[in-house]
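The values are calculated or read from the model by the stated rules, or taken from the named source; none is laboratory data. Note that the structure is a prediction, hence the values are computed from the model and not measured. Glycine gets a Cβ as well: all are built from the backbone with ideal geometry, and neighbour counts include every protein chain shown. Note: areas computed on protein heavy atoms with side chains; ligands, DNA, RNA excluded. Shrake-Rupley method; radii C 1.70, N 1.55, O 1.52, S 1.80 Å.
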Amino acid sequence: HEAFPDAHPPTTLAVLERAVRLGSDSLRGIAVQIRRIYGSEPEDAEWWARLWMDLQFLIVVLWRMRQSGVLALSAGIDTERLQEALAHFNTQLPDLKRMRDVAQHFDEYAVDGSGRRHARPGRSDKVGRRLMEAGSWDSSQFRWLDGSINFAIADRASRELYSVIVTVRNQARAEVERES
């Protein structure tokens, strides 16, 4: 049971319930970040980089949404459907992993360190310090590291992935109820 997390591994249903909760939180976080990107905030007058940080936080919360799908997949139920949903999410956000990795490991990229993994798309040179703080955005998308995130596509892809996670969880619930 969840009260004694080290005593037993979580059940399949418990993993799926957690994936749904984390996915739900991610969806709300995505909505907050997109709202902040489109809006103005009190700190805008004194902090020129507020919008840049909200774009960075959008990357983080989109990655959390993806990882909610990975968590659901680890439960081992309806894996084909979840794999398809994750593949679709990845196709809709093809630059997300590179953006997430560079943002997460900025200490390595900011000094052109040897631990950098990502090359620029279509090139052999690694993403470097000069690209770290160079990006642009408009009302529909964020462009950074030779890639982009379209806000509407990201929102839709996240909702679609979440819907599949919920469907798989509901199937697991129904199976548990049939067995009891």
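Only one residue in 83, 104 is at pLDDT 95 or above and surrounded by fewer than 17 Cβ atoms within 10 Å (Cβ to Cβ). Which one?
Details: 104 fails: at pLDDT 95 or above.
Just a single option satisfies the conditions, and that option is 83.
If the condition is being surrounded by 14 or more Cβ atoms within 10 Å (Cβ to Cβ) and under 28 Å from residue 84 (Cβ atoms), then the stretch 110-142 contributes 118, 141, 142. Of all the numbered requirements in (1) among the aliphatic types (A, V, I, L, M); (2) under 20 Å from residue 28 (Cβ atoms); (3) more than 18 Å from the chain's Cα centre (by Cα), residue 174 misses one, and that requirement is (2).
Quick check: anything in the stretch 42-51 surrounded by 14 or more Cβ atoms within 10 Å (Cβ to Cβ) and not in a loop (DSSP other than H, G, I, E, B)?
If we filter the stretch 42-51 for residues that are surrounded by 14 or more Cβ atoms within 10 Å (Cβ to Cβ), which is where we start, we get 50-51.
Going one step further and asking which of them are not in a loop (DSSP other than H, G, I, E, B), we end up with 50-51.
Yes, the stretch 42-51 contains a residue that is surrounded by 14 or more Cβ atoms within 10 Å (Cβ to Cβ) and not in a loop (DSSP other than H, G, I, E, B).
Taking the condition more than 26 Å from residue 150 (Cβ to Cβ) and open to solvent by 60 Å² or more (accessible area, probe 1.4 Å), does residue 74 pass? Here the answer is yes, as residue 74 does meet what is asked.
Residue-by-condition table, conditions (1) open to solvent by less than 40 Å² (accessible area, probe 1.4 Å); (2) in contact (Cβ under 8 Å) with a residue 12 or more places away in the chain; (3) hydroxyl-bearing (Ser, Thr, Tyr):
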{"position": "20", "(1), (2), (3)": "yes, yes, no"}
{"position": "26", "(1), (2), (3)": "yes, yes, yes"}
{"position": "35", "(1), (2), (3)": "no, no, no"}
{"position": "56", "(1), (2), (3)": "yes, yes, no"}
